[in-house]
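Take a look at the structure set out below.
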Amino acid sequence: MPRLPSSLLRHARRQHPLLPLLLRPCRDLSSARNELRWLREKALEVAQTTSPKTKWQVTLRQSCLERSRGMPLQYILGTQPFGNLEILCRPGVLIPRPETEAITTHLASLLQPPSAPTPSLYPKRTTKNKPLASQAPLRILDLCTGTGCIPLLLHALLSPHTPSLHISGIDISPRSTTLAHKNLTHNIKTGSLPQPAKKQLSFHQADIFSNNDSAQWAGHSTWDVLVSNPPYISPCAFNTTTSRSVRTYEPKTALVPHVNNNTAPPAIDHVDADTAVGDAFYPRLLCIAAQIHAKVLLMEVADFDQAVRVIGLLLATRAWEGCEIWRDEPGARKGRAEEEVVVGGGGCRFAFPSIIQKATPAEHRSSTLLQITQPRIKSKGMEANR
Amino acid sequence: MFLVNSCRTALDVIGPTKHAYLVLRRGLANSNARTTAQLPPRLVIREEDIEEAFLKGSGPGGQKINKTSSAVQLKHIPTGTVIKSQATRSRSQNRKIARRILAEKIEEAEKGPESRAALKAGIKSKKKASKSKKAKRKYRKLEEGKNGPVEGKEGAEIDEPAGEELEEE
């Protein structure tokens, strides 16, 4: 990271004495100014409500010092906007990312019932002529849920058109399930989520690699949709390409797969041990997707290369009909022509719509790429709509 | 002016002109008919005409980095106008705000003095002029009352210093 020029620091100090502190994490003046504005609002709010004895200026200075050391803004402010929701953030639980917001929103738009004008992945029901409310609920399972942001946002986006929902979030960390419950209550209280959400959303603590814990999701045998943003960073990438703030302040268990006898990934050709650790969750996710007979599977991956490796795993199962890679902003206006990429070397071709650039091996800049897949047609009644 | 500002916020939130009109009337009971004239509805821009650029820095993304802001940049393709909004931490809010500002700018460019923004500014300055006129009138009367026959109102003495200040303006 290049040093901040002293002229910039001087310029910042002239505008506000605390700005230079914020320049350290923000690196540019306009971001620093924005963060100062938000920290100031928070300090004023705290002074009015919780600790009237402490002057807001003291709170503000304290917050700026913490921020300058790299503490994530979301932990200082305690919240992160996510769609129209406000997600509470606490140390020990991963902060929701904007990429996750984008793909969750896009998934929700694809899951709208068939009557909607856009193409739909809504699972076909045999009771097609019954009103939606009396049909079996749309069941969505989110693994490694963290703050619970994905289930909460899916509910907010789907419930207007899909009154019958059942969404469940699983995480290995008890801090996460506590926070997810808090987020559910908080967003119902603020009115961002409807009252029925209390009954339609649930969060449980479980280890997805443990067959004992599988009762959490295998209790009711089938789920329509499986979503996951699992830990996907390899140990080496954690040390080299992950930002210092994330490394120092966010929970490592949410970022780097913990490998033991249960989770040890199968050896794949041409993949070194370090990379294999980063991929460790995906075989397990595919296995669970098969167990629960999911019709739609959405997973976040680190970059294009990892996406290609995961597609390789998918092909090996021979259970999935189609696959897409979404990059950055799925659902945005499609400007560029489709590109074809060969995967698996066996003549399998996938057309990737728009905004995809082929990443060269040296390039780690590609942000989050995602996949959505549909199962092969197993029986006539289970065909997913497109 | 607080009422006008809250009406403006209500307009942003409520949207439909019919509702906004009702809010305006309640707040301006004493104004003349011209200032309560209905503002034209907001210009609605077609989504096909907007190109949204998602400002992504270089470097890794996803779990590897925690971004704190989500700037939204909109480009109106027919006119080439570009709006960038970084007002809030919420990307969905920034998108709404950017679309609203874009609509205002496009309308201003199209209609000029007839645009919503110009009309709003016109109404605001008219009200301000009318308010200062009334205030001047009031203090002038009190001055004349003070110099002429005694009115017997206790308030006249208290108002004297204020009246002198205004005279100097």
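Just so it is clear, none of the values below were taken in a lab; they were calculated from the coordinates. Bear in mind the structure is a predicted one, so any value in this text is a computation, not a measurement. Note: ideal-geometry Cβ built from the backbone for every residue, glycine included; neighbour counts use all protein chains shown.
Extension gain for B:K84 to B:E108 (0.36 nm times residue separation, less C-alpha to C-alpha distance): 6.9 nm. Normalising the Debye intensity of the range B:47-114 to I(0), with uniform scatterers on Cα atoms only, and taking log10 at q = 0.20 Å⁻¹ returns -0.82.
Available extension along the chain between A:N84 and A:T185 is 34.9 nm, counting 0.36 nm per residue and deducting the alpha carbon span.
Counting beta carbons within 10 Å around each of A:W56, A:W326 and listing the fewest first gives the order A:W56, A:W326. Close amide H pairs (under 5 Å, H built 1.01 Å from N) link A:L165 with A:L138, residues at least 5 positions away or on another chain. Peptide A:233-239 has a mean shielding of 1, counted as Cβ atoms of other protein chains within 10 Å of each residue's Cβ. Peptide B:65-75 has a mean of 6 when you count, residue by residue, the C-beta atoms of other protein chains within 10 Å of its C-beta. Per-residue Cβ neighbour counts within 10 Å put A:M1, A:M299 in the sequence A:M1, A:M299, beginning with the fewest.
Model label sites at A:L44 and B:N147, defined 7 Å from Cα along the beta-carbon direction, differ in position by 4.5 nm. Legend: mean number of C-beta atoms from other chains within 10 angstrom of residue C-beta atoms, peptide A:243-252, equals 2.
Distance between the pseudo-spin-label points of B:I101 and A:K53 (7 Å out from Cα toward the beta carbon): 4.2 nm. When peptides A:236-244, B:100-108, A:73-81 are ranked by their average number of other Cβ atoms within 10 Å per residue, the highest-first order is A:73-81, B:100-108, A:236-244. Net charge in the neighbourhood of B:P78 (other residues with Cβ under 14 Å of its Cβ; Lys, Arg +1, Asp, Glu -1) is -3. Count Lys and Arg as plus one, Asp and Glu as minus one, and take only other residues whose Cβ is under 12 Å from that of A:N229; the net charge is then -4.
Both radii were evaluated on the Cα set of the range A:32-83; the Rg over Rh quotient, with Rh as the Kirkwood radius, amounts to 0.97. As a proxy for reagent exposure, ranking A:Y232, B:Y139 by other Cβ atoms within 10 Å from fewest up yields B:Y139, A:Y232. Among residues other than A:L313 with Cβ under 12 Å from its Cβ, the summed charge is +2 (Lys and Arg +1, Asp and Glu -1).
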